[in-house]
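Chemist: Would you mind keeping the following structure in view while I ask a few things?
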Amino acid sequence: SRAGCARALASTAPPKSTGAMWPAVALAVSVRSCGCNYCGRLCIRPHRAAAQFLLLVALGGVAKPAAAAHQIEYHVTFRKSPGKPLGVVVDTVGTALIIEQIDTKGLVHSWNVANSHSKVVPGDEIIKVNGQTGTADQLLDLMKKSQTLNIKMYRRKYKLTLDTTMGQPLGLTLGQETDALIITDIEQGGLVEVWNWAHPHRRVQLGDEIVEVNGIKGTAEAIYAEVTKQTRLRIRLRRKLLLDSVPEGRHYFHKGADKVLEQTYWPKFKSLFIPEGNYSYPMPRRDQVPDLLKALKDVPGIAVHTTPGTTVSEGQGYAMFAAGMRKDVQTLKALAVAWQAAGQGFPDRPACGGCGAVCGGSPYGSCLCKTVSGAYMPGWQMPMDKRWKMGSAIDGDQDAVTGLIYLAELTDNPEIRRYAVRSIVAFVLEDIGHSNLTANSRLVPVVGSIPARHQRIYLWRSGTCGGGFDRTSHNDMHDLCISPGYFAPGQWRLFKEYLEMHSDMVPQPHTAAELGAVLESAIVWGYNTLRRIACPNGLVSNWWSLPAKGWPYDGELKCHNSGTKAGSYYSDASRIPWRVVLDYLWFPEAVTPSYDEHGKVQGSWGAKEYANRWAGAWLAKIRGEQGGSTAKGQAVSKDKVLQLLTTFESCKTVPLGFTALPHNGWGSLPVVTTLQVPMDGMATCTSQAWLDYLAAITLQECVNDKYYDLGQEVIVGAMLGGRAWLPLERQEFVIMLEKAEGSELGIDLEQRGDVYFIKTISSGLIKQWNSANPWWQVLPGDTIIAVNGIANSPVGQIEALRKNSRLLIKLWRAALPPPTSCRKGQSAPQVQEPDQVATHTMDAESPTTTTTTTTTTT
């Protein structure tokens, strides 16, 4: 479990004057403790390593370099000779080669015997071979081809000695793992900052772990007790590299999507924005919202125009989600103000939440409103002047809550983070229906081998006032009714993990574990239902009526709402491709069990399998039009490529087939995201070529000005362009720069609210830093948190950057998995024949589970 984070503070004694280069400043040493190695945004996920393999390269004699015992980076040199292996086991982490074991009969062991001051030890990393960098495979290739090897190594464990006997603080904020303390902040004026200026080759960095102090090791508590003493501290640390926990990319992005998003989709969507003060702004003013967050009180609200004078929560949610992916802090704040105002409902009255116009009455008798104080799921349309506007809409709610999580992480604001957590709780209670579990869940009809945590089935409601398993409205259009297009497994996994990370913020009597179990059940049974009610090509109905008892997939085509038909793939169903693909982009390693009607586990089935249904069917249609040609699709006209979606075969659960308009923003565009997911049997470069081809056509053809089209266009555009960052892995680091007269940083900054983002990097100190510090390179898109201790003040940060000769700059970066891409210079990909790529159809009786394992021996 990642739950149980609790904050405990302890301070060093008041400092005495030491005559150090920086003034002695009393700084707290903060410890954030948790039950494992993950606590909020402060800890980095552990390595997700590929298989180990034995490196056996025939190498010979050892050349002695200068000793480098205490350098984080050092060199070793070997000359090849027959019959002598290097003798190491290496572990691949992403694209890195890390020494895992050393064989006593190998060349590395011989080097260590002859060079006691520069030994290679487990954990060290091979970063260059004969001056060249590359992936693990490329480095191995260089080692095999070269006669003499000059290998640059990187040491992940290092030492430093600091003296706190005079009372000067370390100036650290620490997070707690089981056996180590994680450095989460380095304060200006502390001993560690002084050390960093004096030792540029052994700088302490955010994310490094203190594993031993004065010989004390084993538990974080013992290490902390020693490191807070006023004594001479001999500290051993373990290096955590920036983003080194991110696996090699396993998804595909389209380079042209970001340009279309920024130059077309987002500007068009912004044209629908209604600012507070405009006569058509449908929300209460911010001064009429008692629960408005203090962090937002000076921000005028922005609502999304739907029809003249109205806003639906769906459009507001799209905007908040997309603004978060774009890291547009100021716009996201303004949208959040309007979201809170919508939850207020009417000025000068108690907040309504999703209870609608009457703030307490209900036309269905099934409303679950205002379950969490101050975090209200609003009515689905504003202004709430009609009874039929009562109740929230789950699709808008989940996108808006995702936007709130983005806002919390972009601003690092505890008040906003608490509001995001409470909003997740309200979502689970009202939109999933956990506040009335009797009406909104059921036990499995057959237990079989289903584990206890999955024996209660949750799905999802239409919103706060009906849908799902609920039958209390006595209305066939709402009772026992779901829209598969509302299924959002990726966002629900995010909600579950976010609750676990911030379990101390979950309002009583609820717990993160309790609510997380509900979300997990909804994900598992959502996929189990989708597997049965979706056609082999991915098509799914706008609406599905659940049976009164039994398995949720044994239902019928009965209920229908929002002007769309049951049995048709139209606007309400159109969100499901990108919502499911988002699950894969964010959680590619997630495994969702599939159960048969006897309760037996039949492998797993989830985002990859569903996305492959769509992608495989579309490519099969294109290949069929080409007569099996191996060209890249040019034989089919662009108009015909999109129109082929309308020829998808219908099935029993979707008898009306694909009735969406392919050229709409909700027609072909969501389907293109399914090409971001790898397909079994298709080469990497072929997959990338197909995505580029289909995305280019769709992005050019699908440009519409209505909120529903644009809402999906901005989200899908962000996903295709690689903007869909996961707000769970906020990774922070520091850089230290010394400015000489006339020197420049060489960066362009873009201000979004009270946050600066690095827009471009040119010649200057930042570029020099990047060359000298390849593991902590500053990149466009990185966010400045603080400059010489100045945070949350853009003006103060700019002044510090201009005036100070020494700069301690703290930045953060979202952990975006790198795209899977073709190697440079590789021949142009060819589309495979139809029989070489599976169409990925699956049924309940004979599931197919594919596992791919690659082992390399050299």
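The values are calculated or read from the model by the stated rules, or taken from the named source; none is laboratory data. Fair warning: this is a prediction, and the values are worked out from it, not measured in the lab. Glycine also receives a Cβ, built like all others from the backbone with ideal geometry; neighbour counts cover every protein chain displayed. Just the protein is used for accessible areas: all its heavy atoms, side chains included, with ligands, DNA and RNA removed. Shrake-Rupley method; radii C 1.70, N 1.55, O 1.52, S 1.80 Å.
Chemist: So what is the relative contact order for segment 123-187, in percent, with contacts set as C-alpha pairs under 8 Å and at least six apart?
Modeler: 28 percent
Chemist: Work out the FRET efficiency for residue 232 and residue 197 from their Cβ-Cβ distance, taking R0 = 22 Å, and round it to the nearest 0.05.
Modeler: For residue 232 and residue 197, the calculated efficiency is 0.65.
Chemist: Using 0.36 nm per residue of separation minus the Cα-Cα distance, give me the extension gain between residue 646 and residue 150 in nm, one decimal.
Modeler: Extra length from residue 646 to residue 150 when fully extended: 172.6 nm.
Chemist: Now, a different point. For segment 294-311 and segment 544-560, write down the distance between their C-alpha centroids in whole Å.
Modeler: Result: 38 Å between the Cα centres.
Chemist: Evaluate the charge dipole of segment 315-429 about its Cα centre and quote only its size in Debye, nearest 20, assuming +1 on the Cβ of each Lys and Arg and -1 on the Cβ of each Asp and Glu. Write down the numbers at each step before the final one.
Modeler: Numbers: 11 positive and 9 negative charges, 41 e Å.
Using Cβ point charges on Lys, Arg, Asp and Glu, segment 315-429 gives about 200 debye.
Chemist: Rank 438, 529 by accessible area, highest first, at a 1.4 Å probe radius?
Modeler: 438, 529
Chemist: Also, I was wondering about something else. Can you bin segment 210-346 into rounded, prolate or oblate? Criterion: square roots of the alpha carbon gyration tensor eigenvalues sorted a ≥ b ≥ c, rounded for a/c under 1.5, prolate for a/b above b/c, oblate for the rest.
Modeler: Taking the square roots of the gyration eigenvalues as a ≥ b ≥ c, segment 210-346 is oblate.
Chemist: Give the accessible surface of segment 466-543 per residue, rounded to a whole number of Å², with probe radius 1.4 Å and ligands, DNA and RNA excluded.
Modeler: Working: 1890 Å² over 78 residues.
Per residue, segment 466-543 has 24 Å² of solvent-accessible surface.
Chemist: Which order do peptides 281-288, 757-764, 660-667 fall in by mean Cβ count within 10 Å, highest first? Present the calculation step by step, with values, prior to reporting the outcome.
Modeler: Working: 281-288: 19.5, 757-764: 14.4, 660-667: 22.4.
Averaged packing, sorted descending, gives the order 660-667, 281-288, 757-764.
Chemist: For residue 456, tell me the accessible area in Å² from a 1.4 Å probe, rounded to the nearest 10.
Modeler: That residue has around 80 Å² of solvent-accessible surface.
Chemist: Rounded to the nearest 0.05, what FRET efficiency is calculated for residue 279 and residue 113 with R0 set to 60 Å and r the Cβ-Cβ distance?
Modeler: Details: r = 83 Å, r/R0 = 1.38.
According to the calculation, E is roughly 0.10.
Chemist: So if I place +1 on the C-beta of Lys and Arg and -1 on the C-beta of Asp and Glu, and nothing else carries charge, what would the dipole magnitude of segment 417-459 be about its Cα centre? I want it in debye, nearest 20. List each step's numbers first, then the result.
Modeler: Details: 6 positive and 2 negative charges, 42 e Å.
It comes to approximately 200 debye.
Chemist: So how much slack lies between residue 549 and residue 297, counting 0.36 nm per residue of separation and subtracting their Cα-Cα distance, in nm?
Modeler: 85.9 nm
Chemist: Between segment 768-789 and segment 321-346, what is the C-alpha centre distance in whole Å?
Modeler: About 29 Å separates the Cα centre of segment 768-789 from the one of segment 321-346.
Chemist: Going out from 0 in 5 Å bins, what whole percent of all Cα-Cα distances in segment 261-330 drops into each bin?
Modeler: Going from the shortest bin to the longest, the percentages are 3, 15, 24, 26, 20, 9, 2, 0.
Chemist: For a quick protection proxy, order the peptides 597-605, 117-125, 298-306 by their average other-Cβ count within 10 Å, most packed first.
Modeler: Numbers: 597-605: 15.6, 117-125: 17.2, 298-306: 21.8.
Going by the mean number of other Cβ atoms within 10 Å, highest first, we get 298-306, 117-125, 597-605.
Chemist: Still on this structure: Given the protein chains as shown and a 1.4 Å probe, how many square angstrom of residue 224 are accessible, to the nearest 10?
Modeler: The accessible area of residue 224 comes to roughly 50 Å².
Chemist: For 193, 73, 649, write out the residues from largest to smallest accessible area, computed with a 1.4 angstrom probe and no ligands counted.
Modeler: Result, largest first: 649, 73, 193.
Chemist: Treating only the Cβ of Lys, Arg, Asp and Glu as charged (+1, +1, -1, -1), what charge dipole size does segment 198-321 show about its Cα centre? Round to the nearest 20 debye.
Modeler: Its charge dipole is roughly 660 debye.
Chemist: Determine ³J(HN,Hα), in whole Hz, for all residues of segment 682-695 in sequence, where each value follows from phi through the Karplus function 6.51 cos²θ - 1.76 cosθ + 1.60 and θ = phi - 60°; x replaces Gly and Pro.
Modeler: 10, 5, 3, 5, 5, 4, 4, 5, 5, 4, 4, 5, 6, 5
Chemist: Under 5 Å between amide H atoms, partner at least 5 residues away or on a different chain: which partners does residue 749 have, H built in plane at 1.01 Å?
Modeler: For residue 749, the qualifying residues are 759.
Chemist: Checking the a/c ratio against 1.5 first, then a/b against b/c, what shape does the Cα gyration tensor give for segment 378-534?
Modeler: oblate
Chemist: Taking 0.36 nm per residue of sequence separation and subtracting the Cα-Cα distance, how much length would be gained by fully extending the chain between residue 163 and residue 217, in nm to one decimal?
Modeler: Net length gain for the segment: 17.5 nm.
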